1. If you rank 112, 23 by how much accessible surface each has, with a 1.4 Å probe, what is the order from largest down?
2. How many nm separate the modelled label positions at residue 114 and residue 223, each set 7 Å beyond the Cα in the direction of the Cβ?
3. How do 300, 548 stack up against each other in accessible area, from largest to smallest, with a 1.4 angstrom probe?
4. Hey, what D do you get for segment 51-117 in µm²/s if you plug the Kirkwood alpha-carbon radius into Stokes-Einstein at 20 °C and 1.002 mPa s?
5. Distance check, please: which entries in 63/292; 32/63; 63/172; 258/291 exceed 25 angstrom between their Cα atoms?
6. Rounded to the nearest Å, what's the spacing between the alpha carbon centres of segment 111-132 and segment 207-278? Just the number, please.
7. Would you rank 317, 234, 174, 70 by solvent-accessible area, highest first, keeping every protein chain in place and using a 1.4 Å probe?
8. If Lys and Arg each add +1 and Asp and Glu each add -1, what is the summed charge of the other residues whose beta carbon sits under 9 Å from the beta carbon of residue 144?
Amino acid sequence: MTLQVSAQQGNVLTLGSEITDWEDIAPFVSFKQDMHGTATLADMTVQTFTPLGGNVADFGYTKAMNWLRFDVRNDSNADAWRLAVDENFFQRFEVYLIRQDGTSIQLEKQDETSPYPSRAIDYPQLTSGFRLEPGAQATVYVAFYSGGSAEITWRILSAQAFNDWTARRTSKNFVFYGMVTILIVGASLAAVTTRRGVFAAYGAYMLSALLFLAHADGTTFQYLWPNNPRFNAFATVPTGLGLILSAATFARMFLQTKVYHPLMDRLLLSLCVVGLALFAATAFADAQPIKKYLIVLAMVTTLLVALAGFLAARTRFREVRFYVIAWSGALISSVLMTLRHWFGVEISQEVQFDSMRAVLVVDAILMGLAIMDRINQLRKAHETALEQSLEQAQRAVSLTQRLHALEDQMERTEALGLQRRQSLTDTVHDLRQPLVALRLNIRSLSDQGTGADAIAEVENTLTYLERLVSDELTHALKEKNDLAPTMIGDTLKAVNDMFIADAQARGLRLAVIPSSLTTTIPPLAMMRIVANLVSNAIRMTDNGGVVVGVRRDGGLRIEVHDTGPGLSQETFQAAIAGQLVRPDESQNVPANSGTGLGLSIVHALACEHGGRFTMLQKPNGTVMQVWLSA
């Protein structure tokens, strides 16, 4: 076919080097859109084309056939050239060369039914070869229609430069493929040997990334489905969706969002559902706009996956530090692609995919490190937990042995009390209840594996009681008094530790106000006073709480406040006089409130040490007060 095409004056691209990149070509390119896709080359040679006006040849998501033309002159010594497009497939792709004598040559004509072997040049990216002798000039037409974004860039290379360039590019791509494949194989082996699903999710993510970029390179069309161009036109959807689903799944499993961040877990699941719905929609809707929506969905998924990592880092930074770094880079790459396809920002396709390759390699290494680091932390935590459990078990056994020794001393003290005086019998009465409480606490520690802090509290209380019983036993044997000052705060803390479990079992709050005051009253006598008051208050109270404290009021005043119904003054006076009392139905006293023996013991101890014991009835409870000298 002979066509007459005149070059635009002063607007001719000169080929003076082996490689001419798109940035140098774009100023010489003009375009025309065929909205119906029916125009021929002859039709276009008589049409007026519009200059691009920049470096962008992006017509968006359009159904039009896009025609581009430029005039070219060969000022080099090479005569064989390659027009290499940065795209692996178009639904329609045609390239024509019209010489100065009007002779037209069809360099390439591909459509959605053209298999890969039909290409004139065996290269995964669309490439057309032409001859242009030194000094010759021609007009080149490039026409294409894309089922996705109608964006195109190309470069012109001499045949030798093309061979060198493709060798470098192919090597770069296959180095990337090899690295990712090694990581996929490693993740698969780790998933089988460790039986941890997070490795499988990681491997699925890397496989999806490999397929997505291999498809963008055209390698999948060249090797995996060369005779199925219709699927190749659609493959962006399943490979992109696989990337979205696997990324969300990996994030959910690695960060345990279902446990730690339920809202984020639901959001990630929702994105997976949206992606599957878009994929299903391609069965009855045009895939072109769906591809555009998938780009946004991919960015949102990457954003949420990275955000989930930042949320986890607030409390678990050591566990997720590699993850956060990895997905921060992935977010940058995703934003670049969204800016290009949705907002028309001038970012070349090569920059987009090269950024993805770099990010994926770094991400793959970092996320692999993140998984291994997490497993190592779990292993160390497990070993530490076993050591702590063994240590706690040993301490619990030691506590039990000490309790048995203390009970033996109690029996000796009780035997001596029969020979010494009746007041020692009261001492034994006072000590039995905290010892029973301690026995129950120790049994609970052994059965339930309570933490080290709780065991330490029981140890401290047991030590305190051991010292009091030992002092009393020594006193009984040697008949001498310990005149060292008593730290009231130690007594209050010991009583709190003894009775806190009893109070909690009854649904009550036990509050002990710390004190730094001291007294000359022996420690055992002080402990007996406070323990009897607290024990009585807990039994007398059905709901609310008990508060224990000491005030300086000339001397010392021990106060125990409870929210129970209390006793009448008559019942109180009878109790401290040593009479056995029964629950006062008129006061709505609990049936398990005791016989009043503890109150008589407190009264006797207060009088023995020059003090007095009183009761103050209030509308919302009772206050027991023991007045002592400092």
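1. Values: 112 75, 23 110 Å².
Result of the area sort, largest leading: 23, 112.
2. About 2.3 nm separates the two model spin labels.
3. Heavy-atom accessible area, descending, gives 300, 548.
4. Numbers: Rh = 14.8 Å.
My calculation gives 145 µm²/s for D.
5. Working: 63/292 14 Å; 32/63 13 Å; 63/172 34 Å; 258/291 30 Å.
The pairs that break the limit, which is 25 Å between Cα atoms, are 63/172; 258/291.
6. 29 Å
7. Working: 317 120, 234 55, 174 95, 70 5 Å².
In descending accessible area the options line up as 317, 174, 234, 70.
8. Computed value for this residue: -1.
The values are calculated or read from the model by the stated rules, or taken from the named source; none is laboratory data. Predicted model only: the values in this text are computed from it and were never measured. For neighbour counting, all protein chains shown are included, and Cβ atoms are generated from backbone atoms with ideal geometry for every residue, glycine included. We work out accessible area using only protein heavy atoms, side chains counted, and drop any ligands, DNA or RNA first. Shrake-Rupley method; radii C 1.70, N 1.55, O 1.52, S 1.80 Å.
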